[in-house]
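Enquirer: Structure incoming, see below.
The values are calculated or read from the model by the stated rules, or taken from the named source; none is laboratory data. Predicted, not measured: the structure shown is a model, and the values here were computed from it. Quick reminder, even Gly has a Cβ in these numbers, built from the backbone with ideal geometry, and neighbours come from all protein chains shown.
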Amino acid sequence: MINKRLLIKHLLAHNDENSFYDKKRKIDISQKEGKAKFLKHVCALSNSNPKNNSYIVIGVEDEDNRIDGVDFFDDSKIQNLINAYLTHPPIVQYENIPFPHLPDNKVVGLVTIRPTGKITSLRKNIWKYYGGSVFFRDGSTSMPKVFDIEIKDVNSKIVEAIENNAQNNIEHTLNGVFDFMNARQNFNAQYKVFKEYFVVCWAGQKKMVKNDAFFSRVDIELINEQVRLFFSALDEVSIEFDEDSFKIIEYVNLGLQKAFKYYPLEETIIRFGDNATYNIDTKLLFEAPQFDKRVLHHIYNANNIIVEKLKKGLSLTKAEEIDLKNLPVTYLICYLNLFHEAIDKFHEAKPYLKNYSEELYILYKEAARVLRKVKYS
């Protein structure tokens, strides 16, 4: 089993970006340009490595390999995006890898690309790239090329050596458990061993509601691979487990004005096998709450006025200050109630909310995470 933190260190230490790995400060697949560039790199790496895995490391400065991290990204439906836009799509997995020096809300993103052995191409137009385009790696750059010769396998032995050197061992596992328990001892930290092999650690602020336990500020990690499985600063989570599986149900708090309610968003089940394997199944549970359209029109227009005042640097009234805190979630609710233009207003507000306060930007990112899961499902 590969320790993903070690794998990233070996990739960064091996040499600069090349034909089997790329590094990025960040990616943004919420916008068409970012989505297109991500698909281009996946396509190029898959085509350039027909017989071995290739990788994209996210959250690293290009010039000096400084690890600054990125926000936790839990889009389990990223394969849907790959399948929709690429012909002969590779298997793509996005994982969140914690590093000890990073804040709790930051990780390094690791994209693993497993090729099918066939030439991958764009299925349809996106941004400035045309459907049918084929990309390869030319050193550290993803370039469109004509493929009229057989692709040579030049990286398999190198990648195999890097992956072998990143294999987990009992020392890494124990250190990972101790580090997790010590860092989160004030958040009800716990661990469990599954099938005498896998170790899952989790922590969160616990509260009881009618004999049911719920957790907020939840952090869940699969220690063997140094992968963070779940992280949320705000949402409520229920946790259940038996000898063979670990189940998470995530709830989101949505509503208008002072009438908020928790809605089940997503269920994730990790099943552990007897042969030192595991699989993760994710199911969307969310059903969008419906509200009175007249009330939504009033709130939507009020939100637009607030954003315009932020753009112009104007002061907000006390009532607008209160509405501002609810602005991300109310734009989300408007979109879920078929106010189609609300999604554009939501994205338009991002830089102004980010500059206004860290608290407000966290609320925006939580709403964006819900939106992303709903859209790709």
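Enquirer: Of the conditions (1) more than 19 Å from Tyr262 (Cβ to Cβ); (2) touching a residue at least 40 places away in the same chain (Cβ under 8 Å); (3) β-branched (Val, Ile, Thr), Ile322 fails just one. Which one is it?
Expert: Only one criterion in (1) more than 19 Å from Tyr262 (Cβ to Cβ); (2) touching a residue at least 40 places away in the same chain (Cβ under 8 Å); (3) β-branched (Val, Ile, Thr) is unmet by Ile322, namely (2).
The rows are residues; the columns are (1) part of a strand (DSSP E or B); (2) over 30 Å from Asn275 (Cα atoms); (3) at pLDDT 90 or above.
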residue	(1), (2), (3)
Glu196	no, no, yes
Val200	yes, no, yes
Ser216	yes, yes, no
Asp219	yes, no, yes
Phe246	yes, no, yes
Ile249	yes, no, yes
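Enquirer: I've got another one for you. For region 311-321, give me each residue that is part of a loop (DSSP other than H, G, I, E, B) and under 11 Å from Tyr352 (Cβ atoms).
Expert: Gly313 - this is the single residue of region 311-321 that is part of a loop (DSSP other than H, G, I, E, B) and under 11 Å from Tyr352 (Cβ atoms).
Enquirer: From the list Asn182, Asn164, exactly one residue is out of contact with any Phe, Trp or Tyr (no Cβ under 8 Å at 6 or more places or on another chain), under 28 Å from Asn275 (Cα atoms) and loosely packed, with under 15 Cβ neighbours inside 10 Å. Which is it? Walk me through it before giving the result.
Expert: On the way: Asn182 fails: under 28 Å from Asn275 (Cα atoms).
Result of the check over Asn182, Asn164: Asn164.
Enquirer: Does Tyr335 qualify as being at pLDDT 95 or above, out of contact with any Leu (no Cβ under 8 Å at 6 or more places or on another chain), surrounded by 15 or more Cβ atoms within 10 Å (Cβ to Cβ) and not acidic (Asp, Glu)?
Expert: So Tyr335 does not fit the description; no.
Enquirer: With respect to Val307, determine if the residue is more than 30 Å from Val199 (Cα to Cα) and in contact with an Asp or Glu (Cβ under 7 Å, 6 or more places away or on another chain). Please lay out each step first, then the result.
Expert: Values: more than 30 Å from Val199 (Cα to Cα): yes; in contact with an Asp or Glu (Cβ under 7 Å, 6 or more places away or on another chain): yes.
In short, yes.
Enquirer: Moving to a separate point now. Looking at region 71-106 only, could you name the residues that are among the charged types (D, E, K, R) and free of Cβ contacts under 8 Å to residues at least 12 places away in the same chain?
Expert: Scanning region 71-106 gives no hits.
Enquirer: While we're looking at this one, here's another question. So which residues in region 186-226 are buried (at least 21 other Cβ atoms within 10 Å of the Cβ), free of Cβ contacts under 8 Å to residues at least 40 places away in the same chain and either aromatic (Phe, Trp, Tyr) or closer than 20 Å to Asn253 by Cβ (or both)?
Expert: Trp202, Gly204, Phe215, Val218, Ile220
Enquirer: Still on this structure, I have one more. So, in region 256-310, of the ones that are part of a strand (DSSP E or B) and without any contact (Cβ under 8 Å) to a residue 12 or more places away in the chain, which residue ends up farthest from the chain's Cα centre (by Cα)?
Expert: Here the residue is Ala259.
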